[in-house]
Amino acid sequence: MLARTVFATLGALLVALGVVGAFLPLLPSTIFFIMAAGCFARSSPTLEAWLLDHRTFGPPIRAWRESGAISRHGKMLALGGMAFGYTMFYIGARPSPWLAAGVALFFVGSALFVATRPAP
């Protein structure tokens, strides 16, 4: 019972973050909805079904669950967002060369992961 409540609460928070991410350009939304669906799968089949059947967010969640797929449009947005985010970090933070290289390595690894996912 406690676990269901925790997962339901976490799912609701993740949905809220996903909604915010739908309006903020640097905050992704789909990953939060994917995680929320996972939480709802453990707490509320009704809320899980609501997310999976959602007109906008359902298809990417189902594609990820079925085959780990990311749409071409989603990949382009993600890769563009990563490039923009790194550029803003580099310009705004003026990091040391080691920090800049570490963050760049993280972004390159993340970009490779996204780019190598299959398309639905």
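A few comments on the model shown:
- Restricting the range 31-85 to residues that are exposed (fewer than 14 other Cβ atoms within 10 Å of the Cβ) and either more than 23 Å from residue 113 (Cβ to Cβ) or among the β-branched types (Val, Ile, Thr) (or both), the residue that is nearest to the chain's Cα centre (by Cα): 56
- Condition broken by residue 59, with the remaining ones in (1) without any contact (Cβ under 8 Å) to a residue 60 or more places away in the chain; (2) part of a helix (DSSP H, G or I) satisfied: (1)
- One residue stands out among those in the range 86-99 that are under 23 Å from the mean Cα position of the chain (by Cα) and hydrophobic (A, V, I, L, M, F, W, C): the one that is surrounded by the most Cβ atoms within 10 Å (Cβ to Cβ), which is 89.
Taken together, the values in this text are just the output of simple stated rules run on the coordinates, not laboratory data. As the structure is a computational prediction, the values presented were derived from the model and not from experiment. All Cβ positions, even for glycine, are placed from backbone atoms using ideal geometry, and neighbour counts span all protein chains on display.
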